[in-house]
Amino acid sequence: MNRILPVVFGLLLSGCTSFVIGEPYDKAIDDELNVFQKSTAEFIKSMQMNAGTARGSYQSDEARKYYASAAASLSNLQLRADVLSSRTCPTSKALQLFASAGVDTSQAAIANAEKRVGGAADSEALDVSGNCIAIVVRGVRMAESDLEADHREASKLTPTVALLDSQEIDAAVRVALTALRAKKY
């Protein structure tokens, strides 16, 4: 669960530096991110409350419907974000800021940090190509993918896993909304 890099990168984009990204505001992306977050919070709570029953399992009809719907919504959001601007997000500046702050963003460092807290770095690295909004939407997709992987792996969402996945998704959506509504980073 490679949860550290997307959140740290997103926090950087959401206000720790000041460079112009140039992506225009898109109300549809804003609205869809809010709808996604709300439906995901509702789904996680339902799965957590029904953990240990057939209704709370990864194979349940509710889970299948949610994951299919979430994949479709996030795919559409990614498309919208990808065509929002042809500018490339200045990720090299972001990585320089990480380095100057003493943050090692290598996959090995992230995997080591997650092992120390009992996690496993099993996600792909966040793709930081394209415009900044496209990148933060990928972060939301990665967070949702972690939720599905956790649910599939255990076939249920325990309170701890539900809390971690919920926090990861909330953070990713918050970063995406902040980036979308910002004029400068």
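Bear in mind these aren't lab numbers, they're just calculated from the coordinates by the rules spelled out. None of these values were measured; they are calculated from a predicted model. Glycine also receives a Cβ, built like all others from the backbone with ideal geometry; neighbour counts cover every protein chain displayed.
Annotation for Asp30 and Gln59: the two label points, set 7 Å from Cα along the Cα-Cβ direction, are 4.4 nm apart. Computing FRET efficiency as 1/(1 + (r/R0)^6) for Thr88 and Thr158, where r is the C-beta to C-beta distance and R0 is 35 Å, gives about 0.30.
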